[in-house]
Amino acid sequence: MKPLISLLILLISCFFSALVAIKHGAIDINASAVWQTLFAYDANVFEQKIVMELRIPRVILAFVAGSGLALAGIILQTVTRNPLADPYLFGISSGASFGVVLLITFTGITAGWAMSGAAFLGSALAMTLLLLIAYGQRARQVEAMLLAGVALSFLFSAFTSLLLYWSDPQAVSAIMFWNLGSFSRADWQWLWLPCSIVLLCMACMLLFRRGLNALLLGDESAATLGIQVAKLRLGMLLLSSLLTAVLVAMCGGIGFVGLMIPHLVRFFISQATSIGLLCTALSGGLMMIWVDLFARTILDNQELPIGVITAAIGSVFFLTLLTLKQKRP
Amino acid sequence: MSAQPLVRVRMRTACQHSEFALQVSNLDLVLDNHQILQNISFDVTEGQFIGLLGPNGAGKSSLLRCLYRFFTPSSGQIILFNKTISSFSHNEYAQQVAVVLQEMPEHFNLSLYDVVAMGVTPHKSLFSPLNKADHELIAKSIEQVGLVHKINEAFAHLSGGEKQRALIAKAMAQKPKLLIMDEPTSHLDVKYQIQIMELAKAMGITVIASFHDLNLAAAMSDSLLVLQHGELYRSGAPSDVLDAQLLSDVFDVCAEVSQVSCPYRDKTHIPHIRYHFGYQL
């Protein structure tokens, strides 16, 4: 079976990519040290401490963020039946930026978990508004959601720009760096949160996959298959918003993954199968591990923002997709 | 000689299991203060093919939407196999009634097989995967509509007729007792119009379909329902329903109706409509 083979290949490549990503970085660590860290950890050995305290949580966070964003993307694309939907289209990340900017301008705090908290509250605000609008517009839910999402996104961006206009240059650069995304804040203490939300989301998607598939047919057709369309859509929207809010709070703004990965996987494997969903999550994670590795190794002593790399790859990817699609009759 | 009239005066009998697949009585539908459907009553005998006719905006789609529970009627009663339709759960209802609509999944690269496989959805619980019997049922449905050679093709790349056949295969996989189709033959070539109707008939279950082509409806249906301004204007066997007066009153066209001989399906005659042109509307 072809899809099963793709799943296996993805699993194996995720495993080896993770090992490569753990080995390489500001200083390269040999495989035996990595091995020892995993099975006989000694906190007094400097290399092992790097692997345990920095590299492993970082690779895990990168993987989880990648798969989470891919899942959020596939959920939003499915429930809106719009292949261009992505977690950032709905104002969730603009809400997060707004929260961070508010925090920085009014308290001066530019680091630490206060920023993640502010980002989470900001995206939660955007998400609540979006859900309320979707809930109020049961008849033309999809159109209302898309328009409201874009409007909210612009609204929060406007507030953010206004606040930035009044704040000092230091705050501006702090916000800028945060907005472009990074996994440098990964640590063991908070890793459980994105991991459990991504797992929860995956489980729900596998459980409700038939309902999600039926939504692709159209609201009316889905209803005639016994699906409670409005309920399922709101539930899934809530789930993907929560996922995005947590990931944005921990890693900052990482665009294009949610849009790109589901598209890429859909080319090869049908998203209507459970294997297709698993492959989407794994591909997102795999891509993010490599993007993070590039971000921290491509320049000496400097880390590139993740969002820049994903957006650059993403735009090129889309332009290629566009030309390829045009060639097809 | 015409097929026995289906839409008849309601007879309340002591018999628990009536032969009716569907009984609609005094149906009213009001949406946003607009009266869409008014006082519609009809019965459908099990196994019959019902054609729903009427000009644009007469309420055909709205009536069908009430029947497949997308709209909730403002008043009146719809009874499916002796049970009020609101008493079915979502899944139970989908196990009884399959619907073929004009909605098509164009994006997302779904294959024909994926789309047909969605038909078994109401028969599966949250956890159960597709088993061998399901796969066989899906394959059989695809075979019945003659699309085996396209089984792995993207749904979006199929032609209009093939898409419609795929949706019928989806309905077959749903194993319903009633099939509802909303203008299943619009935009299709003549060949596919006939093919789609034959496929629906071949399922051997009760079918309710709305039509634009009156001649096709007359040839295919055991009984016709004609709607005008949200009311049931006339109902009965095609030869009794379709005449020049009705075409003028309901459809606002000038036409003559002749009875042509029809050797198929124990019918002897079906009405045939010839439209006139060149007159002032």
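Laboratory data are not the source of any read-out in this text; all were calculated from the coordinates shown. Computed from a predicted model, the values in this text were never measured in an experiment. No Cβ is skipped: glycine too gets one built from the backbone with ideal geometry, and neighbour counts run over all protein chains shown.
Could you pull out every one of the helices (runs of 4 or more DSSP H) wholly within the range A:41-110 that has 1 or more residues that are in contact (Cβ under 8 Å) with a residue 60 or more places away in the chain and surrounded by fewer than 24 Cβ atoms within 10 Å (Cβ to Cβ)?
Details: elements: A:46-50, A:56-80, A:92-107.
Because the criterion is at least 1 residues that are in contact (Cβ under 8 Å) with a residue 60 or more places away in the chain and surrounded by fewer than 24 Cβ atoms within 10 Å (Cβ to Cβ), the helices (runs of 4 or more DSSP H) in the range A:41-110 that meet it are A:56-80, A:92-107.
Here the range B:118-128 is the region considered, the condition is being more than 17 Å from B:Lys177 (Cα to Cα) and within 7 Å of another protein chain (Cβ to nearest Cβ), and the residue that is surrounded by the most Cβ atoms within 10 Å (Cβ to Cβ) is B:Met118.
B:Gly54 fulfils the conditions (1) touching a residue at least 12 places away in the same chain (Cβ under 8 Å); (2) on the phi > 0 side of the Ramachandran plot; (3) surrounded by fewer than 22 Cβ atoms within 10 Å (Cβ to Cβ); (4) away from chain A (no Cβ under 13 Å) except for a single criterion, (3).
Considering each of A:Ala85, A:Ala62, A:Ala70 in turn, give the residue that is among the small types (Gly, Ala, Ser) and farther than 17 Å from A:Gly307 by Cβ. So that I can check it myself, show each step before the final result.
On the way: A:Ala62 fails: farther than 17 Å from A:Gly307 by Cβ; A:Ala70 fails: farther than 17 Å from A:Gly307 by Cβ.
It is A:Ala85.
For residues that are under 27 Å from A:Val265 (Cα atoms) and either more than 9 Å from chain A (Cβ to nearest Cβ) or surrounded by fewer than 22 Cβ atoms within 10 Å (Cβ to Cβ) (or both), tally how many sit in the range B:84-108. Count: 4.
Across the range B:140-161, the qualifying residues are those that are out of contact with any Pro (no Cβ under 7 Å at 6 or more places or on another chain) and touching a residue at least 40 places away in the same chain (Cβ under 8 Å), and the one among them that is surrounded by the fewest Cβ atoms within 10 Å (Cβ to Cβ) is B:Asn152.
Restricted to the range A:201-224, and to residues there that are free of Cβ contacts under 8 Å to residues at least 12 places away in the same chain and either touching a Gly at 6+ places or on another chain (Cβ under 8 Å) or more than 9 Å from chain B (Cβ to nearest Cβ) (or both), the residue that is surrounded by the most Cβ atoms within 10 Å (Cβ to Cβ) is A:Ala222. Taking A:Leu38 and the conditions (1) under 22 Å from A:Glu303 (Cα atoms); (2) without any contact (Cβ under 8 Å) to a residue 40 or more places away in the chain; (3) part of a helix (DSSP H, G or I), which numbered condition does it fall short on, given that it satisfies the others? Tallying (1) under 22 Å from A:Glu303 (Cα atoms); (2) without any contact (Cβ under 8 Å) to a residue 40 or more places away in the chain; (3) part of a helix (DSSP H, G or I), A:Leu38 fails exactly one: (1). Put simply, of A:Ala62, A:Ala114 the only residue that is away from chain B (no Cβ under 14 Å) and farther than 30 Å from A:Phe208 by Cα is A:Ala114.
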